[in-house]
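What follows is one structure encoded as structure tokens, with my remarks underneath.
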Amino acid sequence: MDWEFTQETFISLVSALPLTLSLAATAIALGAILALALALARTSGIVVLDWFARAYVFIFRGTPLLVQIFLIYYGLSQFPAVRHSIFWPVLRDAYWCAVIALSLNTAAYASEIIRGGLLSVPHGQIEAARACGMPRLMVFRRIVLPLAIRQALPGYGNEMISMIKATSLASIITIMEVTGVAARIISETYRAIEVFLVAGFIYLAINFLLTRLVQLVEFKLSPHLRQPENAAEAVIAGDAR
Amino acid sequence: MTQPGFFDLLSFGPDGWAKALIAGAWMTILIALSGYTIGAVIGTFGAWAKISGGRTLRVAADAYTTVLRGIPDLLVIYLLYFGGSAAITSIGRLFGADGFISFPGFLAGALAVGITSGAQHTEVFRGAFKAVHRGEIEAAIACGMSRSLRFRRIIAPLTLRHALPGLGNVWQVVLKESALVSITGVVELLRQSQIGAGSTGLPFDFYLIAGLIYLAISTVSSIAMRQAERHFSRGVRRG
């Protein structure tokens, strides 16, 4: 393996890293809002909203992300109405098209994860909140949502990792993020293995950090599942006796 | 020249792309099936390595699943397609051929899809094996079954039954992943739609059709999977 080439590749790939991260972060943030709306629509009990959310999830989970990206980036420009609309500066831009496609896609998967979290909130908790006289919105904000987020977090962590991986598809519509730069270097030099190793290492590092971050948040959000420190000591002392 | 309408594209007539699209869909299914089969074979070995392999095998299998679940599938396709081409070209040079020889896109695609789905297969099989009751295996030993008979008659069928829902999910993922193989130039569904979009100037229609065909394939296969699950768990009492 050529050490100098590997170093050069590493430097050019790392300089593309901010683009990958901003794609992923924007898509995850926008997707999360949409996912929450979809999950609420699914659990609302209003038939129209429920079926809309079902159809949405079915369509976006049943088709490849690449088709969705192409449909938005190449497909929409087919219509003169779109080309002359005020959205055109956004829809003409490959970056925003990728962000829109990734957000719409992750929203479908994430809404099911959040729905699972919402459904897992024990009914007694909601009853207790009602009994305390909390209005509906406050029950949701203070009781249901925090409990649902804690429950959904591990699944959501996996979805975030999928999103980091999915940003690589943006390279196909000319965005020079990590995979895009890697593909360019490979096609210029035909040294696929070195470039693959470096790019793979970068993605693994991001995903490793992300996993750790999610674990940390999970730990912070579940103090009630841990024994308080002095109680743990008491148990140990009790065992010794 | 007037542009053909949406349904003209779907016809078999002079403006119709139905034949080409069906051929593309067939190619998509072929890639997905070959990739899935390769993945299942890798997954079987991976699960075996994780369950009853020695330390080295276990570490290797763990590294494989961690790495393949952490990097984008597109990178794997690039590695196999370009790396394979580079390898073949240098082998060709040894035998006196000059110029560039490209690695077959289908093979690179199927291998890439297989290698990435192999990691998921490994986890599915491992989880399914863990769900097999120890008592069943003990009973088989008590009946005096040999190792291979035990595997063939007891462990494999029970593991498969538990693995079925997971296998269905992996198939859905593989089907969607096969769209990435279009970058190698294999004329599968997405590539065929790109060709159609380019030659008619109707990208929205073509990608919409491609999306609908993917949706149809995935719906049909999920129905088939549900049937299979019902069939193979007919001996299980519920509730």
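The values are calculated or read from the model by the stated rules, or taken from the named source; none is laboratory data. Since we're looking at a predicted model, the values are computed, not measured. So basically every Cβ, Gly included, is an ideal-geometry build from the backbone, and we count neighbours across all protein chains shown. To get the accessible areas, we keep the full protein, side chains included, count just its heavy atoms, and leave off ligands, DNA and RNA. Shrake-Rupley method; radii C 1.70, N 1.55, O 1.52, S 1.80 Å.
Touching a Lys or Arg at 6+ places or on another chain (Cβ under 9 Å), under 21 Å from B:Ala119 (Cβ atoms) and part of a helix (DSSP H, G or I): which single residue out of B:Val181, B:Val173 fits that description?
B:Val181
Conditions (1) of a type in the set (D, E, K, R); (2) loosely packed, with under 15 Cβ neighbours inside 10 Å; (3) under 20 Å from A:Ser171 (Cα atoms); (4) touching an Asp or Glu at 6+ places or on another chain (Cβ under 9 Å), marked per residue:
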site: A:Leu65; (1), (2), (3), (4): no, no, yes, no
site: A:Trp88; (1), (2), (3), (4): no, yes, no, no
site: A:Ser103; (1), (2), (3), (4): no, no, yes, no
site: A:Tyr109; (1), (2), (3), (4): no, no, no, yes
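Please go through region A:44-58 and pick out each residue that is more than 14 Å from chain B (Cβ to nearest Cβ) and open to solvent by less than 60 Å² (accessible area, probe 1.4 Å).
Listed by number, the residues that qualify are A:Ser44, A:Asp50, A:Ala53.
Would you confirm, using the coordinates I've provided, whether B:Val113 is modelled with pLDDT of 90 or more, surrounded by 20 or more Cβ atoms within 10 Å (Cβ to Cβ) and more than 30 Å from B:Ala86 (Cα to Cα)? Walk me through it before giving the result.
Values: modelled with pLDDT of 90 or more: yes; surrounded by 20 or more Cβ atoms within 10 Å (Cβ to Cβ): yes; more than 30 Å from B:Ala86 (Cα to Cα): no.
It is false that B:Val113 is modelled with pLDDT of 90 or more, surrounded by 20 or more Cβ atoms within 10 Å (Cβ to Cβ) and more than 30 Å from B:Ala86 (Cα to Cα).
Can you list the helices (runs of 4 or more DSSP H) found entirely within region A:115-223 that contain at least 2 residues being within 14 Å of chain B (Cβ to nearest Cβ) and more than 20 Å from the chain's Cα centre (by Cα)? Step through it out loud before you land on a result.
Working: elements: A:123-131, A:145-166, A:178-189, A:192-221.
Fully inside region A:115-223 and qualifying: A:178-189, A:192-221.
Residue-wise test of (1) more than 20 Å from A:Gly45 (Cα to Cα); (2) surrounded by fewer than 18 Cβ atoms within 10 Å (Cβ to Cβ); (3) aromatic (Phe, Trp, Tyr).
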position	(1), (2), (3)
A:Ile126	no, yes, no
A:Gly133	yes, yes, no
A:Arg136	no, yes, no
A:Ile143	no, no, no
A:Pro146	yes, yes, no
A:Ile164	yes, no, no
A:Leu169	yes, no, no
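Against the condition assigned to a helix (DSSP H, G or I), free of Cβ contacts under 8 Å to residues at least 24 places away in the same chain, touching a Ser or Thr at 6+ places or on another chain (Cβ under 6 Å) and within 13 Å of another protein chain (Cβ to nearest Cβ), how does B:Ser90 come out, does it pass?
no
Give the residues of region B:130-189 that are touching a Gly at 6+ places or on another chain (Cβ under 6 Å) and either of a type in the set (Lys, Arg) or buried (at least 21 other Cβ atoms within 10 Å of the Cβ) (or both), sorted by residue number.
If the condition is that a residue be touching a Gly at 6+ places or on another chain (Cβ under 6 Å) and either of a type in the set (Lys, Arg) or buried (at least 21 other Cβ atoms within 10 Å of the Cβ) (or both), then B:Val174, B:Val181, B:Thr184, B:Val186, B:Glu188, B:Leu189 are the ones that fit.
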